[in-house]
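Peer 1: Just dropping this structure here.
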Amino acid sequence: MDFQGQLSVSTEHPHPYHESLTLKNFTAFEEASFEFVPGINVFIGENGTGKTHVMKVLYGIQTLVSDFRARKRRSSVDLTEVFGAYSQEELFRVSDTLEDRVGEIAGAFGGRNWAYPFSPESSEFSFYAELAAFFGTHPIDLFESGWASAVYIPSINMIAHTEGFLSTFERFDIDFDRTTRDIVVYLLSPELRSSEVFIWEEISNQLQALLPGNVVLEGERFFVSVGKSLLSMPLVAEGSQKIATLDRLLRVGALEPGTTLFWDEPEVGLNPKLMDELVKALILLARSGVQIFLTTHSYVILKELDLQIAEDDPIRYFLFEPTESSGTKVTPFDTLAEVHPNPILEQYNDLYDREITRKTGRKKAQ
Amino acid sequence: MRQMRESGITFDFAEMKSVVRQDSKADGGHECWSGIDFRCVTATGEHLWIEIKNFDLSRFPPRFRGGKQREYVGKISSKSLAREIRDKFLGTAAYLGLTGTLERQPILYVAIVEPPRAVDKALLLGLSDQLAGFLQKRLPWTSPASLIVMSLDEWNKIYTEFPAEKD
């Protein structure tokens, strides 16, 4: 198995970013292609259409590269770890026939194309090791000019579960995927020196104003100081945990210009009142050079993005739709208004129509 | 054909059993204070109170459109639009109550809101809920009322026998 990697033209964007991705016979995708923007990429669609899988593939690739960059050696990160899968076999498209079981994950990042065909029968399958070897064979220093790390915020609030998590994860076969481990590593990292901190001062101040108190790390456990007492993070509102997570990632330097932020359903547990500020922070991050990927089922998140985004802010919406052959079709849109059919909006439309029928006693003419 | 025009929208009320233009003495209304636009009774006996908020900018000269757009955004974000629509309802209800002419019939208050740009139904639903909250504490002298906010397009799909169109 060889990579069909080659250099492509470099982009005009000041930081490398995920430019494209193609998936073939991978999880929910028979075949799907993505052209991403350097700003905000929003994945919407019904449950089970593979939105999170796309984020995890991209995250896995970038994690490999940043690990490789840091250690100057092959990375041991495995795709199954990122997905929390038992075997590579699980990552193949479920309804594939045996004959068709050749897949491909390919893409472009930072102006470089990469491609990797795979099959579950391969005994030497190790996506990340091969990928590292591929990058390593090129004479060009792939790791200069701002290759930076990726941060994946899973839908579960790991900031409330940091104490003892890393040691448990390393020692025992627990049912948490690699993204949960990685976010805890970031959260428990020391904060940057104050002189370093704050390219993000404005955003961090906005986020901290939304919290009930200062976030304090004692040992491996987070607290919020409320008055004279400390409140354990698991007792703090879920929405505040989300805000505290993003703020902490800024303060430890996990998010910098050139990094990538993946956020799986940021709306989970978040009061809609906080979504305004959260989206504001995300847009500021994107403008500073952080490429952002979001999955969402929230009308408010989508509408806030639509209202707050400026005309020259790069944003793209990807609609994931189930197909008749149990796969997923992906369609990109550059504005929210163009997204059709919009499964989130359609649910509201249905609610509105039912409300009209209830109030007026009439049904709409088609 | 009984046509009535309000805020740049013309309604065909020929099929209505009765229509009162609330701010016009000539059409059965009064000029004491501000109220809703129309009180209607349909042929089947539905009591509809109609208030129209038309922010369609095309009916204004270009130099006024920026101001009208800002007015709409300001009203939506400050909830003053919801309060204004509520106050129109209460104004009419108060007048009818004080003059002993408020009929004890269930009323459906229909606020037709035409925003400057096409709007999601989710926002109309949100505005409906906000207004319903304002009107929830029914005063003893008002009739049982419910409320719905709809666009002109929705009106034409629901009340097909009373078509309306913008100028």
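The values are calculated or read from the model by the stated rules, or taken from the named source; none is laboratory data. Note that the structure is predicted; figures quoted are calculated from it, not measured. No Cβ is skipped: glycine too gets one built from the backbone with ideal geometry, and neighbour counts run over all protein chains shown.
Peer 1: So which of A:PRO332, A:PRO343 is more than 9 Å from every other protein chain (Cβ to nearest Cβ), under 20 Å from A:ILE44 (Cα atoms) and in contact with a Phe, Trp or Tyr (Cβ under 7 Å, 6 or more places away or on another chain)?
Peer 2: Being more than 9 Å from every other protein chain (Cβ to nearest Cβ), under 20 Å from A:ILE44 (Cα atoms) and in contact with a Phe, Trp or Tyr (Cβ under 7 Å, 6 or more places away or on another chain) holds for just one of A:PRO332, A:PRO343, which is A:PRO332.
Peer 1: Turning to a different aspect of this structure: Would you be able to tell me the number of residues in the stretch A:312-348 that are farther than 26 Å from A:GLU30 by Cα, buried (at least 17 other Cβ atoms within 10 Å of the Cβ) and either in contact with a His (Cβ under 7 Å, 6 or more places away or on another chain) or not hydrophobic (A, V, I, L, M, F, W, C) (or both)?
Peer 2: Qualifying residue count for the region: 2.
Peer 1: Return the residues of the stretch A:201-220 that are out of contact with any helix residue (DSSP H, G or I) (no Cβ under 7 Å at 6 or more places or on another chain) and crowded, with 16+ Cβ neighbours inside 10 Å; say none if nothing qualifies.
Peer 2: A:GLY213, A:LEU217
Peer 1: In the list A:LEU284, A:LEU319, which residue meets the criterion of being at pLDDT 90 or above, in contact with a Gly (Cβ under 8 Å, 6 or more places away or on another chain) and more than 10 Å from chain B (Cβ to nearest Cβ)?
Peer 2: Exactly one residue qualifies, and that residue is A:LEU319.
Peer 1: With A:GLY219, A:GLY239, A:GLY289 as the choices, which residue is in the same structural domain as A:SER167 (by TED's automatic domain parsing) and on the phi > 0 side of the Ramachandran plot?
Peer 2: The unique qualifying residue is A:GLY219.
Peer 1: Give me the residue from the stretch A:16-49 that is more than 14 Å from the chain's Cα centre (by Cα) and of a type in the set (Phe, Trp, Tyr) and, out of that set, modelled with the highest pLDDT.
Peer 2: My answer is A:PHE34.
Peer 1: Find the residue count for the stretch A:262-297, including only residues that are among the hydrophobic types (A, V, I, L, M, F, W, C) and in a loop (DSSP other than H, G, I, E, B).
Peer 2: Residues that pass the stated criteria total 3.
Peer 1: Still on this model: Please go through the stretch A:288-306 and give me each residue that is free of Cβ contacts under 8 Å to residues at least 40 places away in the same chain and surrounded by fewer than 23 Cβ atoms within 10 Å (Cβ to Cβ), ordered by number.
Peer 2: Of everything in the stretch A:288-306, those that are free of Cβ contacts under 8 Å to residues at least 40 places away in the same chain and surrounded by fewer than 23 Cβ atoms within 10 Å (Cβ to Cβ) turn out to be A:VAL300, A:LYS303, A:GLU304, A:ASP306.
Peer 1: Now for a different question. For the stretch B:7-34, enumerate the residues that are modelled with pLDDT under 90 and touching a Lys or Arg at 6+ places or on another chain (Cβ under 8 Å).
Peer 2: Of everything in the stretch B:7-34, those that are modelled with pLDDT under 90 and touching a Lys or Arg at 6+ places or on another chain (Cβ under 8 Å) turn out to be B:SER7, B:GLY8, B:GLN22, B:ASP27, B:GLY28, B:GLY29, B:GLU31, B:SER34.
Peer 1: Additional query: Buried (at least 19 other Cβ atoms within 10 Å of the Cβ) and basic (Lys, Arg): is that true of B:ARG86 in this structure? Don't jump to the end; show me each part of the working.
Peer 2: Working: buried (at least 19 other Cβ atoms within 10 Å of the Cβ): yes; basic (Lys, Arg): yes.
Yes; evaluated as a whole, the condition is true for this residue.
Peer 1: Starting from residues that are acidic (Asp, Glu) and under 30 Å from A:ILE315 (Cβ atoms), keep the ones in the stretch A:335-366 and report whichever is modelled with the lowest pLDDT.
Peer 2: It comes out as A:GLU346.
Results for (1) more than 10 Å from every other protein chain (Cβ to nearest Cβ); (2) over 30 Å from the mean Cα position of the chain (by Cα); (3) under 15 Å from B:ALA122 (Cβ atoms), shown as yes or no for each residue.
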{"site": "A:GLU311", "(1), (2), (3)": "yes, no, no"}
{"site": "A:LEU336", "(1), (2), (3)": "no, no, yes"}
{"site": "A:VAL339", "(1), (2), (3)": "yes, no, yes"}
{"site": "A:THR357", "(1), (2), (3)": "no, yes, no"}
{"site": "A:GLY361", "(1), (2), (3)": "no, yes, no"}
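Peer 1: Out of curiosity, is B:PRO144 loosely packed, with under 15 Cβ neighbours inside 10 Å, within 17 Å of B:HIS47 (Cα to Cα) and at pLDDT below 80?
Peer 2: Yes: the conditions hold for B:PRO144.
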